[in-house]
Amino acid sequence: MLLTEEQRDALAELINIGFARTATSLSELTGYRVMLEVPMVSVHPISELAAKLATFVEGEVATVQQIFTGPVSGNALLLLNHEGAVMLTELLTPPGTPHTHRLDASAAEVLTEVGNILLNACLGMFGNLLQIQISFSVPRLHLDALDGLLHSLVIGKEELRYAMVVYTAFHLRENAVKGYLVMVLGVASLDCLIDALDQWASSEVPTV
């Protein structure tokens, strides 16, 4: 186990703070109340990531990817299966908009914007609360089979060793879309994240 129970709880609390901000941003974007379930967090060696995700996602996946750099660096991804990606874009478009039930250019733009909001909120929150400087690249949308996606993440990048997987579900207009936030990190970045997490957790004043 790479994280202690206390570290996992602290990480889930951090991400929950970021998700709360994300839900507000998505609500403003859509005009609908967006709820995000309390996230479940786990960290795995990169070699186990395919098996972990394959239990939930299969076939073609829609992924918004964003490279981030700083004391903690790696690749952040918002991962949705094809059906979930189509449903999310339809939920986020105004009522009366014709639905093509496929990921066309308009849907891709919506998904990229959602991914940008979600990833920036989480990465920005990490940087602010852990007091580390993180820079982000422009997010990119990819459509690929899960195996192809995972292969492209690590090929030629031997330093990437671990993946942090955050599972949540978006609730919007009485529908739920399941999504995953995946952060692929190197050993040094994971160590830095854990050290910063421990400092943040120890500085938190327990509420009565």
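No lab work stands behind these numbers, since they all come straight from the coordinates. Note that this is a predicted model, so its numbers are computed, not measured. Neighbour counts run over all protein chains shown; Cβ positions are idealised from the backbone, glycine included.
Note that segment 41-54 has calculated 3J(HN,Hα) couplings of 10, 8, 10, 9, x, 4, 5, 9, 5, 4, 5, 5, 6, 5 Hz, one per residue in order, obtained from phi through the Karplus relation 6.51 cos²θ - 1.76 cosθ + 1.60 (θ = phi - 60°); glycine and proline are x.
About its Cα centre, what dipole magnitude does segment 5-203 give when the only charges are +1 on Lys and Arg Cβ and -1 on Asp and Glu Cβ, stated in debye to the nearest 20?
Numbers: 10 positive and 22 negative charges, 65 e Å.
Approximately 320 debye in magnitude.
Each helix, a run of at least 4 DSSP H residues, gives -39500 (n - 2.57); summed and divided by the residues of the chain, these come to -15000 deg cm²/dmol at 222 nm. Among GLY84, GLY74, GLY148, which one moves the most in a GNM of the chain with springs linking Cα atoms closer than 10 Å? Of GLY84, GLY74, GLY148, the Gaussian network model singles out GLY148 as fluctuating most. Using a Förster distance of 22 angstrom, determine the FRET efficiency expected from the C-beta separation of ASP9 and ASN128, and round it to 0.05. Calculated value: 0.65. Across segment 5-203, the relative contact order, built from alpha-carbon pairs under 8 Å that are at least six residues apart, equals 33 percent.
Seen from a random direction on average, the alpha-carbon convex hull of the chain projects onto 11.9 square nanometres. Sorting SER152, SER203 by the number of Cβ atoms found within 10 Å of their own Cβ, with the fewest placed first, yields SER203, SER152. Please build a GNM for the chain, connecting alpha carbons under 10 Å apart, and tell me which residue among THR93, THR69, THR55 fluctuates the most. In this elastic network of the chain, the residue with the biggest mean-square fluctuation among THR93, THR69, THR55 is THR55.
Cα axis of helix 105-130 to longest principal axis of the chain: angle in degrees, 0 to 90, nearest 10? With both axes taken from Cα atoms, the answer is about 20 degrees. Relative to the longest principal axis of the Cα atoms of the chain, the long axis of helix 187-203 lies at roughly 80 degrees.
Legend: ranking of residues PHE56, PHE19 from fewest to most surrounding C-beta atoms inside 10 Å; resulting order PHE56, PHE19. The order of THR30, THR24, going from fewest to most other C-beta atoms within 10 Å of their C-beta, is THR24, THR30.
Could you give the length gained on full extension between ASP191 and GLU174, defined as 0.36 nm per residue of separation minus the Cα-Cα distance, in nm? Mind dumping the intermediate values first?
Working: separation 17, 0.36 × 17 = 6.12 nm, distance 3.97 nm.
Contour length minus the Cα-Cα distance gives 2.1 nm.
Counting Lys and Arg as +1 and Asp and Glu as -1 over every other residue whose Cβ lies under 13 Å from the Cβ of SER25, the net charge comes to 0. FRET efficiency for the pair GLU58 and GLN199, taken as 1/(1 + (r/R0)^6) with r the Cβ-Cβ distance and R0 = 41 Å, rounds to 0.55.
Applying a DSSP loop filter and a limit of 14 other Cβ atoms within 10 Å to the GluC sites (Glu not before Pro) in segment 48-136 leaves GLU58.
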